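Down below is the structure, laid out as structure tokens.
The values are calculated or read from the model by the stated rules, or taken from the named source; none is laboratory data. None of these values were measured; they are calculated from a predicted model. Cβ: placed from backbone, ideal geometry, glycine included. Neighbour counts: every protein chain shown. Ligands, DNA and RNA are stripped out before the accessible areas are found, and what is left, the full protein with its side chains, is counted by its heavy atoms. Shrake-Rupley method; radii C 1.70, N 1.55, O 1.52, S 1.80 Å.
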Protein chains: 2
Amino acid sequence: MHPDDYVGWLALALTPGLGARTAGKLLREFGTPDGIFNASLTSLEGQRVPAAVAQALHSKRPLSDAAKELAQVQAAGCRLLTWDEPEYPARLREIYDPPPLLYVIGKVELLSKHVISMVGARRPTPYGNQMAERLSKDLADRGLVIASGLARGIDASAHRGALASSSGGTIGILGCGIDVVYPKENKKIFQEIEQHGAIVSEFPMGTFPAPQNFPIRNRIISGMALGVVVVEAAQYSGSLITARLGMEFGREVFAVPGNATQPTSFGPNQLIKQGAKLVTSWEDVVEELPTPVRAELVPVENIPSEERAALVEENLGPIERPLYALLGVDEARQIDDLVELSGLSSSEVLAALFDLELKGVVRQLPGKQFLKVLL
Amino acid sequence: MHPDDYVGWLALALTPGLGARTAGKLLREFGTPDGIFNASLTSLEGQRVPAAVAQALHSKRPLSDAAKELAQVQAAGCRLLTWDEPEYPARLREIYDPPPLLYVIGKVELLSKHVISMVGARRPTPYGNQMAERLSKDLADRGLVIASGLARGIDASAHRGALASSSGGTIGILGCGIDVVYPKENKKIFQEIEQHGAIVSEFPMGTFPAPQNFPIRNRIISGMALGVVVVEAAQYSGSLITARLGMEFGREVFAVPGNATQPTSFGPNQLIKQGAKLVTSWEDVVEELPTPVRAELVPVENIPSEERAALVEENLGPIERPLYALLGVDEARQIDDLVELSGLSSSEVLAALFDLELKGVVRQLPGKQFLKVLL
């Protein structure tokens, strides 16, 4: 499509008070954005459009706003995607209120691949982060694209896992304008996704990440996916909304179980009680996918987690090995504890931990705490 | 029944090579133990009883062994229970190989109440122990009787939880003679169950706890219960056999989920994948019970765990409170850490921990490690 052809679509997105559902209804009625903007006030009101929205459309003011928006879009290196275009995610088109227009930065072709969404707590435990990153990488290794909300916590781990995979991609779906980096701490991962994955929003440029945008955004996360994986979510978490939307849309819902004494396990355990599939490894997700999708996946030799761990341990040096054995995957250990428990000097411990981090088998958390990476 | 009336039943139990299944078949064919011992060799062999067993029965030698066994049974303060007697557990009678005779010490009336079985890992995590004890106490508080195998680990925690309840009882089911205390470390709990609960075995006095006895015992654990709760079980755990037998017998199977990175969570998580109900609190168990059973349960005011915790915290002293806040329910903390983190002197910490233990809100583990009790 020629850039100018998007002006009408952008104008719809910029019309105040016009949501995706009503915009969709009008598009079906009047054929194109131009058809809507050229419709009479009476025929617009005949579609039960609120009077203010009908007047805004009829005034054509949004069309001039859209010209400015288009210039910004182009300056940002962003492309637009209407629901008529072949790259538009086919599954998203099926929900009852698909966004007529998406803003996309990065690899637009990822949107038409098989997507699994992964969402969860913003303040996860180390266990949650490890599970999200591991599952996401394993699923991406099979060629699935991992979508998430680019939020703190599990979302970031899900994106990070997919980025660590060679074959897979990842899609970050925003609740703000595509030019707004929120939360700030995700800037680095945001840039990596721009480069290797795709970032998607239905909100106009510069839209502030207002709380009411997130449930709207969440319908895209579950709408475009074959299934939604929830990794840690407290009782009133937005991730549970995403999962419930997934159930409504007929998507598979997956949940990673956790200790019942941990508040962040409430959500996944509750979803499992309600029928979500319990997931402990990528196989549990792939098993539930339709046969034609499974046939397209990248076949892999399935090395069980324990064997991978044994392989790593074999290749550790004489100082690294006892240190590695002192670490856990769920609970981080403070460096002072490691010095005391290992009987090594603190400089030996620091050097060995540094090497283990470089090998990708140990991770440092804030406060000089260390974890085994879940293999 | 008069003690002497049990001699024939005991003789069946003492006949070498005669299992519960064949004994049951013969009882149905010949009416009574006496009928079996008076049967002709031909008619015994007509029942496809192995030749050696038929000869042993026909020789009537087991009857003289049984007289000695009866004396031992009486000396041990043990009572016998045949499957004809009203106290025999009705649900156990329904399985395909119920034991014709049970040895019982303690409150025999518990066997005809509504039973929930709870089994799990012999080497559980603190999380598993806490969940087992809490669930067992809560279910016993509702008037349910908790059966388990009197093994180390989760079994012991399940019995302990039920013993801590005022209204409920507990049944320990043995894979050895009822006069054999195994494992030795459970001696204290064994004695408590003799006094407040019931101990059950189908094995003759003095039977050694041979490995092959445990699967046989496990069918009683699941057979007599409305449902089986599994709390932690590694991949090849006997608890999974008990759960699978439960499924075969049409019992409800419940499992407590756990972090997928923890080997003891493999069993419960796997069972949930296969259709077991995920359980995080007693309500999840009670919900699945038949309506007539639920109608008989003790109604209780349902105080959520968080409120119980808040209530406890309100009533702590100025030194206890910060110390209590440093403890977790899943991971124990060493006393040295507590001294360091609290900034209190070690004598203050020790005194406060002692008080907290007396209040029943903190538990000490070996190695001066401390945990919050799960409320």
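So, in the stretch B:141-160, how many residues would count as being in contact with a His (Cβ under 9 Å, 6 or more places away or on another chain), more than 21 Å from B:Ile241 (Cα to Cα) and either among the small types (Gly, Ala, Ser) or open to solvent by 10 Å² or more (accessible area, probe 1.4 Å) (or both)? Final tally of qualifying residues: 1.
Considered as a group, the residues in the stretch A:254-275 that are open to solvent by 10 Å² or more (accessible area, probe 1.4 Å) and more than 10 Å from chain B (Cβ to nearest Cβ) include one that is farthest from B:Arg308 (Cα to Cα), and that residue is A:Gly275.
Across the stretch B:56-68, the qualifying residues are those that are over 9 Å from B:Ala11 (Cα atoms) and out of contact with any helix residue (DSSP H, G or I) (no Cβ under 7 Å at 6 or more places or on another chain), and the one among them that is least open to solvent (accessible area, probe 1.4 Å) is B:Ser59.
Of all the listed residues (B:Ala23, B:Ala11), the sole one being open to solvent by less than 40 Å² (accessible area, probe 1.4 Å), under 15 Å from B:Met205 (Cβ atoms), at pLDDT 95 or above and aliphatic (A, V, I, L, M) is B:Ala11.
For the stretch B:276-302, which positions are acidic (Asp, Glu), free of Cβ contacts under 8 Å to residues at least 60 places away in the same chain and either more than 10 Å from every other protein chain (Cβ to nearest Cβ) or crowded, with 18+ Cβ neighbours inside 10 Å (or both)? B:Glu283, B:Asp284, B:Glu301, listed by residue number. Restricting attention to the stretch B:228-238, does a residue exist that is open to solvent by 10 Å² or more (accessible area, probe 1.4 Å), over 25 Å from A:Tyr127 (Cβ atoms), small (Gly, Ala, Ser) and more than 12 Å from chain A (Cβ to nearest Cβ)? Within the stretch B:228-238, one or more residues are open to solvent by 10 Å² or more (accessible area, probe 1.4 Å), over 25 Å from A:Tyr127 (Cβ atoms), small (Gly, Ala, Ser) and more than 12 Å from chain A (Cβ to nearest Cβ).
Can you confirm whether the stretch B:344-363 contains a residue that is surrounded by fewer than 17 Cβ atoms within 10 Å (Cβ to Cβ), closer than 24 Å to B:Met131 by Cα, free of Cβ contacts under 8 Å to residues at least 24 places away in the same chain and in contact with a Lys or Arg (Cβ under 8 Å, 6 or more places away or on another chain)? Within the stretch B:344-363 (the criterion being surrounded by fewer than 17 Cβ atoms within 10 Å (Cβ to Cβ), closer than 24 Å to B:Met131 by Cα, free of Cβ contacts under 8 Å to residues at least 24 places away in the same chain and in contact with a Lys or Arg (Cβ under 8 Å, 6 or more places away or on another chain)), the answer is yes, since at least one residue qualifies. A:Leu371 meets all of the listed conditions (1) open to solvent by 70 Å² or more (accessible area, probe 1.4 Å); (2) under 23 Å from B:Gly128 (Cα atoms) but one, namely (1).
Which residues, taken from the stretch B:243-282, are of a type outside the set (A, V, I, L, M, F, W, C) and under 13 Å from A:Asn269 (Cβ atoms)?
Answer for the stretch B:243-282, where residues must be of a type outside the set (A, V, I, L, M, F, W, C) and under 13 Å from A:Asn269 (Cβ atoms): B:Pro257, B:Gly258, B:Asn259, B:Ser265, B:Pro268, B:Asn269, B:Lys277, B:Thr280, B:Ser281.
Just the residues that are open to solvent by 60 Å² or more (accessible area, probe 1.4 Å), free of Cβ contacts under 8 Å to residues at least 60 places away in the same chain and not small (Gly, Ala, Ser), please, taken from the stretch A:323-333.
Within the stretch A:323-333, just A:Arg333 meets the criteria.
Here is a yes/no grid of residues against (1) more than 11 Å from the chain's Cα centre (by Cα); (2) buried (at least 19 other Cβ atoms within 10 Å of the Cβ):
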{"residue": "A:Leu139", "(1), (2)": "yes, yes"}
{"residue": "A:Ala164", "(1), (2)": "yes, no"}
{"residue": "A:Ile171", "(1), (2)": "no, yes"}
{"residue": "A:Gly177", "(1), (2)": "yes, yes"}
{"residue": "A:His196", "(1), (2)": "yes, no"}
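Inclusion of B:Glu340 among residues that are open to solvent by 40 Å² or more (accessible area, probe 1.4 Å), under 26 Å from B:Asp141 (Cα atoms) and within 13 Å of another protein chain (Cβ to nearest Cβ) is not warranted.
Looking at this structure, is A:Leu135 modelled with pLDDT of 95 or more, within 14 Å of chain B (Cβ to nearest Cβ) and open to solvent by less than 10 Å² (accessible area, probe 1.4 Å)?
yes
Checked against the criterion of being free of Cβ contacts under 8 Å to residues at least 40 places away in the same chain, assigned to a helix (DSSP H, G or I) and farther than 25 Å from A:Leu226 by Cα, the stretch A:72-94 has at least one qualifying residue.
Against the condition more than 14 Å from chain A (Cβ to nearest Cβ), free of Cβ contacts under 8 Å to residues at least 12 places away in the same chain, surrounded by fewer than 18 Cβ atoms within 10 Å (Cβ to Cβ) and acidic (Asp, Glu), how does B:Glu314 come out, does it pass? Can you show your working first?
Numbers: more than 14 Å from chain A (Cβ to nearest Cβ): yes; free of Cβ contacts under 8 Å to residues at least 12 places away in the same chain: yes; surrounded by fewer than 18 Cβ atoms within 10 Å (Cβ to Cβ): yes; acidic (Asp, Glu): yes.
Yes; evaluated as a whole, the condition is true for this residue.
Scan the stretch A:166-204 for residues that are in contact with a helix residue (DSSP H, G or I) (Cβ under 7 Å, 6 or more places away or on another chain), under 13 Å from A:Arg152 (Cβ atoms) and part of a helix (DSSP H, G or I) and the total you get is 2. With respect to being at negative phi, charged (D, E, K, R) and more than 14 Å from chain B (Cβ to nearest Cβ), A:Asp155 fits the description. Residues of the stretch A:210-246 that are under 27 Å from A:Ala76 (Cβ atoms), part of a loop (DSSP other than H, G, I, E, B) and in contact with a helix residue (DSSP H, G or I) (Cβ under 9 Å, 6 or more places away or on another chain): A:Met224, A:Ala225.
Residues in the stretch A:40-50 that are surrounded by fewer than 22 Cβ atoms within 10 Å (Cβ to Cβ) and either under 24 Å from A:Thr207 (Cα atoms) or at pLDDT 95 or above (or both): A:Pro50 only.
For the stretch A:299-375, which helices (runs of 4 or more DSSP H) that fit wholly inside it have 3 or more residues that are over 33 Å from the mean Cα position of the chain (by Cα)?
A:320-326, A:335-342, A:346-358
Residues checked against (1) part of a loop (DSSP other than H, G, I, E, B); (2) under 22 Å from A:Ser265 (Cβ atoms); (3) touching a strand residue (DSSP E or B) at 6+ places or on another chain (Cβ under 7 Å):
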{"site": "A:Ile105", "(1), (2), (3)": "no, no, yes"}
{"site": "A:Ser117", "(1), (2), (3)": "no, yes, yes"}
{"site": "A:Arg122", "(1), (2), (3)": "yes, yes, no"}
{"site": "A:Met131", "(1), (2), (3)": "no, yes, yes"}
